[in-house]
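**Q** Before anything else, here's the structure in question.
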Amino acid sequence: MGNTALVILITILVLSVVFDFINGFHDTANAIATVVATRVLTPLQAILMAASLNFAGALTGTAVAKTISQGLIDPALATQQLIIAALIAAIIWNLITWYYGIPSSSSHALIGSIVGAAIAEKGSLDAPKWAALFEKVILPLIISPVVGFAFALVLMLLMLRLFIHRTPSEVHHLFGRLQVISSAFMAFSHGSNDAQKTMGVMTLAVITYEYQGVKHIPVPPGMLAKMPIPLWIMMTAATAMALGTAVGGWRVIKTMGHKLTRLTSIHGFAAETAAASVITVASHLGFPLSTTHVISSAILGVGASRRASAVRWNVAGSILTAWILTIPACMFVAGVVFRIIHLLMPG
């Protein structure tokens, strides 16, 4: 039994690394789509920069990781079967949306999968902590894109007013340099939020192994809150995210950098600065934010600063549809996967 539990733990850790790696190349566009679209950096330069700063950002805190590991469901439901089902469902959704070039949220894919697997395990809708889910996930899901859009729009209008007497070449030269900084800020903030979600899942897996797999007792109430995120988990998640980022996600980059609106260096700087600021605040508050939602909205905001027709709203509409579908779709997929695993691994 002990060996079986250890094998399951290793399986979960491998799946966690796979999810984090996919998250890295799926969400590479969050950090570098604008800097590539404006040709400030080459794709290779942008990806290498994003990979290193994703790694650095992932090591800056654990507030989001604790939300994932203890804030979504009752700890008594945190079984190894549930974690496996959630990771598999989130990986499936990420691969589907990556294949079609849809910048969906890896964060909400994972969260929806955890919630769906918990409901399937308990057989009841009261399995999730709905109040915490609303406060930490649903509310930021609604508010953060609005804030990102508004902040980017206001920042863009302010900069246009400040540099109205500069020539286009002068503006491009200045913000070409500044956009390297804003893109680096975006990559760092992305790592600080997204990699922590995998840290939370891996910590949850270690705790369930220790209590359910070795001691054969449920996870004690409050144990998740007391458990610090081990350094080896932080390093593993940060490395997987960085390697995934280094692979790149060209399908999503094309959508984010070229299909939403036409971008110049000043637009890229405004979008990245606005989005990274929102994400950084959310990371410190422990909100598992969708970095995809925030940067997409910020790009729409800078596009709208020209005029409403400068934004390709049909493309934005398809992205919005993916946003709305992600959590319920992943809940469903995770529920199905959990039932299959439960049949194969009863008890």
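Read the figures in this text as sums done on the coordinates, not as results from a lab. Quick caveat: nothing in here was measured; it's all calculated off a predicted structure. So basically every Cβ, Gly included, is an ideal-geometry build from the backbone, and we count neighbours across all protein chains shown.
**Q** Pick from Leu15, Leu87, Leu95 the residue whose mean-square fluctuation is largest in a GNM of the chain, springs joining Cα atoms under 10 Å.
**A** Top of the fluctuation ranking is Leu95.
**Q** Looking only at Val336, Val201, Val36, which one moves most when the chain is put into a Gaussian network model with springs between Cα atoms under 10 Å?
**A** Val336
**Q** Another question, then. Specify which residue in the list Ala89, Met49, Thr203 is farthest towards the positive end of the charge dipole of segment 2-344, using unit charges on the beta carbon of Lys, Arg (+1) and Asp, Glu (-1), about the Cα centre.
**A** Met49
**Q** Given the alpha-carbon gyration tensor of segment 2-344, what are the semi-axes of its equivalent ellipsoid in whole angstrom, ordered largest first, with each equal to the square root of 5 times an eigenvalue?
**A** 37, 19, 17
**Q** Same structure, new question: Tell me the mean residue ellipticity at 222 nm calculated for the chain from its helices only (DSSP H runs of n ≥ 4, each -39500 (n - 2.57), averaged over every residue, nearest 500). All intermediate terms of the calculation are to be shown ahead of the outcome.
**A** Working: 15 runs with 258 residues, N = 347.
Value at 222 nm, helices only: -25000 deg cm²/dmol.
**Q** Nearest 10 degrees is fine. How inclined is helix 168-208 to the longest principal axis of the chain, computing both from alpha carbons?
**A** Here the helix axis deviates by roughly 0 degrees.
**Q** Follow-up question, since we're still on this one. So what's segment 89-247 giving for Cα Rg divided by 2.2 N^0.38 Å, two decimals?
**A** In units of the 2.2 N^0.38 Å rule of thumb, it is 1.39.
**Q** Give me the count of lysine pairs in segment 2-344 whose alpha carbons sit under 26 angstrom apart, restricted to pairs 8 or more positions apart or on different chains.
**A** 18
**Q** On to the next question. Under a point spin-label approximation (7 Å from Cα along Cα-to-Cβ), what is the Ile138-Trp232 distance to one decimal in nm?
**A** Result: 3.9 nm between the two label points.
**Q** Compute a Gaussian network model of the chain, connecting alpha carbons closer than 10 Å, and tell me which residue from Ala246, Ala238, Ala298 fluctuates the most.
**A** With Cα springs under 10 Å in the chain, the top fluctuation among Ala246, Ala238, Ala298 is at Ala246.
**Q** Starting from the alpha-carbon convex hull of segment 14-116, give the projected area averaged over all orientations, in nm².
**A** That works out to 7.2 nm², a quarter of the Cα hull's surface.
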